[in-house]
Amino acid sequence: MSQPSLFRHYQIVQDAEGNNIELVRSAEQVAVLAFDSERLEFVHCHVLLEPLANRPAFEETCRKLQRQGHTSLARLVDFGEDDGNPFYITANIDGETLRSYLQRQTEIPLWLAVMIACRALEAAIALGERGDYLTDEPLDSFRIIQASASTLSVMAADYRVLDGSGKNKNRVLKTNFERQAKFLRTFLTEHGGGGPTLPDTPLPAMDFAELIGGALAASSPGLSVMMTELGNALRKFAPEHLAGEVPTAQKPRALVAPLLASYQEVARGVVNLVRIQSQRLDMANPYSMRGTLTKTGRAVLVEQVPPDRLCGRVVENTDKQIQKLGKKRDASALVPLPLVNEIDGLTCLAEEIVDGVSLAELLVKRGSLEISEAYLVLAGLDSALTQLEHADITTRKLRLEDIFLLTGFGKDDPRSARLLVAKLNEWPSFSIMLRAHPTLASMSGRGIDPAVLTPPTPDSCKAGIWHGAWMASVGTFLLGLPGSKAQTDKAVPRENEAVERLLDDELEKARDGSSYANRSDFLARFARVIQHYDLVQPTPVSATGPALPNKGRSKVSATAAAAQPKSGTLQPIGKKKDGKVEPTLAPLTALTQGIDTSFEKPTIGFAELLFQSGGSSSEHAGGSGSPLGGAWGKGASEAFSSGEVGGWAAEEGDNSPLWLKATVFIAGSLMAGVILAHLSGHALWQLRKIPPQPAAKVMQTTK
């Protein structure tokens, strides 16, 4: 077998026979699958076959796509020219092309066709908002992946980076798109009966592929409003409520999976070390299997390390480095790797399962966080990133799925379900843990990378990889403001505008390459915004429900109760401006179940207590990696154990038992009698004593 080719720090991926994995071959370019040895992820290496006729235009296009990232677009990692051959590198989309997916199908459910069409239109809108970068064959440049058990996503994996004006004049005609959109709506109306249908209503896959391909090919940057209206019209054909999973026949194939060993081979490789419990795939991490270590009984996730023909030895060396750090106390914020084992040329790792909730799961449940909650997460994240930097690990990528919030309760604990619908400042305490080692899900491009909103960080950046702009991008996702654009036409509060402006400024500085602020400076500005607008306001305590004892504390103020997400609603994917709908980056949303929270009690929040104490009180000092700990966290944990969601409740009324009241009354009466007797002079200790007389005098008196 020939040795893998190396282009700069990108290793060209080979199959088992030593052939390069080609993704695209056309008259304009050749794209191959490669591995980025710096960011530890798979990428698509696009090499243009013709010399550049307009090099400044090519560079300007690539810079624009780098600055204006989107979750529906493959991130443009690098670009340039090498020995007269122009190239550009995009992140990997771990799925098959939309054309090959639809060609494999004979029939697909109508609801699935509507989902694919809407996701494809969203990707085309996101690309059109940045310029005329859509290729002439969108079905070949769009890839489809499975995001969850019942959700498919469509992303643009390839762009038009060269000026293609004049080659396809039909794309700029509004009437052409209107005709194609009408064909697609008529097709769905005939099969769906003009409205929501049963989930299993089928339609021909090839006819649908031709119609959706024609609509995408006729789209252009000036038709964003019409494309949004088409997507809204198509959603009416899908059932309002869907249950179950995507059928096995309609599941898209992963791009990297055929290059790896099978699950049976991985299980045999760790048979003496790990007892595999389940091979059921989790689409958030589809390459891992759940198991238990034979010696210690710890629950782990087992997956293989890509072989040398895919990524060299850099991934295995990083895993072994993190395995050694698991025994050190100064790396407690990193997910440990208790096992990295190689047998018969197959290397496998075992990652300890974290009893916490990832930021991606939290945002799916909540939709978005409040400003004070986002600050708490970012402050804890800063502490965990400090440990990561001190560990000197080559990690350059962290997804929202790699950031965990640990509360001390297991995932299956009912108290964890209560926490997911409560505000973070009402949690007893939490700490941040990071998955710093590269997983197959991360390397293949699955999940949400917040760095997509910022261009790649240059090596000369003094603030490091995890600078203030990266923190701002994480905050943008936490607040549900990707792109820092409002999602409705309602009036935005002034404090929200201030935070959006703060995030925008930080991201713009990174996009322009002017400066990269430190995380501490960014958090300081964030905290000043919270203090200026007094975002943590005390509220009166409800008169209903029992109150928790104060344990000798004085009466404390309480924060507002957690805002409940609306059940069965999805966040819009655009905002209205001057009568037009501007598509924005869709936040992580999902259907949420209505949960009764009448048992919840307002409590003092982390941020409120932080600003009151100024961070100097030893009583309120937080533990390792947690925003707040100490006695408050312990008392609140007891409250959670008793079934309460809140921590300490404010005093209201007298709920003392009757025997205690009687004891206090009797003791008070006795004290009052003693005082009155002393004042009147008839107290026992105030009576005069008769002095003793001589015996002779007593006898004389008797005679």
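Remarks
- Cα gyration tensor category, rounded, prolate or oblate, for region 344-486 with a/c compared to 1.5: oblate
- Ignoring aspartates and glutamates fewer than eight residues from K251 along the same chain, the ones with Cα atoms less than 15 angstrom from its Cα are D94, E96, E107, D282.
- The label point for H532 and the one for K328, both projected 7 Å from the Cα toward the Cβ, are 4.0 nm apart.
- Label-to-label distance, nm, for residues given as E59 and I343 (7 Å Cα→Cβ offset): 5.4 nm
- The slack in the chain from R235 to R501, taken as 0.36 nm per residue of separation less the alpha-carbon distance, amounts to 92.4 nm.
- In terms of its C-alpha gyration tensor, region 1-150 has an oblate overall shape, because the principal axis ratio a/c (a ≥ b ≥ c, square roots of the eigenvalues) is not below 1.5 and a/b does not outweigh b/c.
- Residue-span extension gain [R104 to R298] - 0.36 nm each, minus C-alpha spacing: 65.7 nm
- Here T386 and E210 are evaluated by their C-beta separation; at R0 = 41 Å the FRET efficiency comes out at 0.15.
- A full extension of the chain between A683 and K251 corresponds to an added length of 146.0 nm, given 0.36 nm per residue minus the alpha carbon distance.
- Fraction of accessible area attributable to carbon and sulfur, region 1-89 (%, probe 1.4 Å): 45 percent
- Alpha-carbon centroid distance for the pair region 407-432 / region 446-471, whole angstrom: 29 Å
- Remark: region 1-80 is approximated by an ellipsoid whose semi-axes, taken from the C-alpha gyration tensor as √(5λ), come to 24, 16, 11 Å, largest first.
- Between Q264 and D83, the modelled labels are 4.3 nm apart [label points 7 Å from Cα along Cα→Cβ].
- Annotation for region 349-384 versus region 106-125: alpha-carbon center distance of 31 Å.
- On a per residue basis, region 30-185 carries 37 Å² of accessible surface, using protein heavy atoms and a 1.4 Å probe.
The values are calculated or read from the model by the stated rules, or taken from the named source; none is laboratory data. The structure presented is a predicted model; accordingly, all values stated were derived computationally and were not measured. Note: ideal-geometry Cβ built from the backbone for every residue, glycine included; neighbour counts use all protein chains shown. Just so you know, the surface numbers come from the protein's heavy atoms only, side chains and all, with ligands and any DNA or RNA stripped out. Shrake-Rupley method; radii C 1.70, N 1.55, O 1.52, S 1.80 Å.
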